[in-house]
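Rule-based calculations on the coordinates, nothing more; no lab input. Computed from a predicted model, the values in this text were never measured in an experiment. Because the Cβ atoms are built from the backbone with ideal geometry, glycine has one as well, and the counts that use them run over all protein chains shown.
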Amino acid sequence: MKTNYLLPPCCKIIGWCMLLPFMAIFLFVLSDSSYDGDIVMKVFAVVSDDGWFKFIETGILFEIGIIGLVSSLSLISFSREKDEDEYIEKIRLQSLVQSLMISCIVLILGTLFLYGISFLLFTLLNMFFLLITFVLIFNIRLAKLRNSCDE
Amino acid sequence: MLNITQQQLADMVKVSRQTINAIESGKYTPSAILAIKIARVFKKPVESVFLVE
């Protein structure tokens, strides 16, 4: 009963190794917007302040942080467990549904109660919320399952 | 019965021990394929794997 839509188990380790540095980059750029050591590059923008389909010069550290963070969280989330079977698959599905529900509730609450800059910051962090919640719920449930079997 | 451990049964039907444990404790209802495999191991009808509430 092998699941073909998931990545090989080694991708999970790669994801965990990537997570910390990219999270550090993301949080650093987020906390220090006046940081002037950014890597400035000419990039292709589909839409920018200058109009459609233009090459613009911009700092790319923040983009590196976001892409790295999403990639590492995706690698952790979508890697097969070494002993993946239909029960773990069921736990995976349940965790995904639960994290989606929590994410929707948080989005609604954020929209209701956050305004101005804090709402912008919230939408930025909300991009990762679903993945982070899924990783947390799935791994906690998996650890509980393994512990209960060892007892 | 066969007098085998959960791990031995798990290896025979190619799932993890946690899954066998969950089926035994009633936390998880196995798929039809897994039920057929378990039934074959114990040489019992497939219905005997399921407990209808």
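Overview of values
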{"read-out": "Anchor A:Lys90: lysines whose Cα lies under 22 Å away (excluding residues fewer than 8 positions away in-chain)", "value": "A:Lys2, A:Lys12, A:Lys82, A:Lys144, B:Lys14, B:Lys27, B:Lys37"}
{"read-out": "Cut-off of 10 Å, at most 15 other beta carbons, DSSP loop: longest stretch of chain A lacking such trypsin sites (Lys or Arg not before Pro)", "value": "A:3-81"}
{"read-out": "Computed Kirkwood radius, in angstrom, where 1/r is averaged over Cα pairs of segment A:85-151", "value": "13.3"}
{"read-out": "Cα-based shape type of chain A, given that a ≥ b ≥ c are square roots of the gyration tensor eigenvalues and the cut on a/c is 1.5", "value": "prolate"}
{"read-out": "Angle in degrees between helix A:86-113 and the longest Cα principal axis of chain A, rounded to the nearest 10", "value": "40"}
{"read-out": "Diffusion constant of segment B:6-49 at 20 °C, which comes from Stokes-Einstein with the Kirkwood Cα-pair radius and 1.002 mPa s, µm²/s", "value": "209"}
{"read-out": "Relative compactness, segment A:1-82, computed as alpha-carbon Rg over 2.2 N^0.38 Å", "value": "1.42"}
{"read-out": "Loop chymotrypsin sites (Phe, Trp or Tyr not before Pro), segment A:1-95, which have at most 14 other Cβ atoms in a 10 Å radius of their Cβ (DSSP)", "value": "A:Tyr5, A:Tyr35"}
{"read-out": "For segment A:41-81 versus segment A:97-124, the gap between their alpha-carbon centres in whole angstrom", "value": "22"}
